[in-house]
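Since the structure comes first, as structure tokens, the remarks are kept for the end.
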Amino acid sequence: MRLRCHWAYAVTLAAAMTLGHAAGAQGVDPATLVHPPTDSWPTANGDYTGERHSPLTQITPTNINDLNLAWAFEAGGTVRIASNPILVDGTLYISAPDNLWALDARSGGQIWHYMYPPNKAFHIGHRGVAVYRDWIYLTTPDAHLISLDSKTGDVRWNVTIGDYQKGYWSTMAPLVVHDHVLVGLSGDFDNLPGMIKAIDPETGKTQWTWFSTQPAGTPNSTTGGNTWVTGTYDPDLNLLYWGTGNPTPVLNGAARPGDDPWTCSIVALNPDTGQQVWGFQASPHDTHDWDAVELPVLVDGNFNGTPKKMLMQASRNGYFFVLDRTNGKSLLTVPFAA
């Protein structure tokens, strides 16, 4: 298979090749994650806002026709690459289920390749990795989180974040905030509560777990609300924003009366404690698999003439939501799809 970069990363790559490598690989510290250099893409969304917009200006409407293919990377076999590449210190990190490559951004040459041992979990895709200090964090189809040396690909530790034999799996790119590696899980089987976990980046130990629904076995409770798409973060408010999936059983609403919180929702959490600060439910008592895991984009600007810290999501139920991200209150709800 031949790797083809998403256009946003192609822009980043082209500019990085023009600007050259950063002066010495110093590792990705918290300050870099808050204010990423223009010649890098250190998180799956580029930065904490989720805007996925590069500030680089070398490529313009007048010269885009002059761009040519710089290189192509052959992953080999039947590997399908659909992840968001990470670019740090002139190195691209690209993942697929059970695989992670480090490539030279100038030449496309392979620096190292890590392959996870064969497993029986769902291999339905992968969304990327996280970088912190000199380490890479990779989730696996059987719901493990692995820490690797960013220079060599050597494994530092490997921990379980969910039981794949119960139906959990993981495709997501972790998010690093402060000294927390934040991960969510996939799994639509009944009796699986959704969760977000904070993992210590040094030891791999779980720091806290937030459940989107009550733990399995709780009487008269809803399950579901899985969290398989990476969230966003506001450093000023110190709030983490994450979307959650559908309740289960998916179509049988009679078996779970009520609104089924916090499924099909956007939640705000304190990243240091896991405490929920607020929640907004995009589809109460969902019976159509209208999850709300879509990216919560953070924007500062005026709303009806008043400065607001806003969160925007185009949700799967066909509605576009604008929330005040300080408190979760709805500012605007409009349909964008019939």
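Structure values in brief
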read-out	value
Criterion violated by residue 110 - all others in (1) surrounded by 15 or more Cβ atoms within 10 Å (Cβ to Cβ); (2) without any contact (Cβ under 8 Å) to a residue 40 or more places away in the chain satisfied	(1)
Given (1) within 19 Å of the chain's Cα centre (by Cα); (2) on the phi < 0 side of the Ramachandran plot; (3) part of a loop (DSSP other than H, G, I, E, B), index of the condition residue 259 fails	(1)
In the stretch 30-45, residue nearest to residue 92 (Cα to Cα) [restricted to those that are outside any loop (DSSP other than H, G, I, E, B) and of a type in the set (A, V, I, L, M, F, W, C)]	41
Tally of residues being closer than 14 Å to residue 151 by Cα and exposed (fewer than 15 other Cβ atoms within 10 Å of the Cβ) across the stretch 113-122	1
Scope the stretch 160-183; condition assigned to a strand (DSSP E or B) and crowded, with 17+ Cβ neighbours inside 10 Å; matching residues	169, 175, 176, 177, 180, 181, 182, 183
In the stretch 70-99, the residues that are in contact with a Gly (Cβ under 7 Å, 6 or more places away or on another chain) and part of a strand (DSSP E or B)	86, 95
Selected residue (criterion: surrounded by the fewest Cβ atoms within 10 Å (Cβ to Cβ)) from residues of the stretch 254-267 that are in contact (Cβ under 8 Å) with a residue 40 or more places away in the chain and not aromatic (Phe, Trp, Tyr)	261
Enumeration of residues in the stretch 20-37 that are loosely packed, with under 13 Cβ neighbours inside 10 Å and either modelled with pLDDT of 90 or more or in contact with a Gly (Cβ under 7 Å, 6 or more places away or on another chain) (or both)	29, 31, 35
Residue ID - surrounded by the most Cβ atoms within 10 Å (Cβ to Cβ), chosen from residues in the stretch 293-338 that are of a type in the set (Phe, Trp, Tyr) and under 24 Å from the mean Cα position of the chain (by Cα)	321
Checklist (1) surrounded by 15 or more Cβ atoms within 10 Å (Cβ to Cβ); (2) in contact with a Ser or Thr (Cβ under 9 Å, 6 or more places away or on another chain); (3) assigned to a loop (DSSP other than H, G, I, E, B); (4) not acidic (Asp, Glu) applied to residue 251, failing item	(1)
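The values are calculated or read from the model by the stated rules, or taken from the named source; none is laboratory data. Keep in mind the model is a prediction, meaning the values are calculated, not measured. For neighbour counting, all protein chains shown are included, and Cβ atoms are generated from backbone atoms with ideal geometry for every residue, glycine included.
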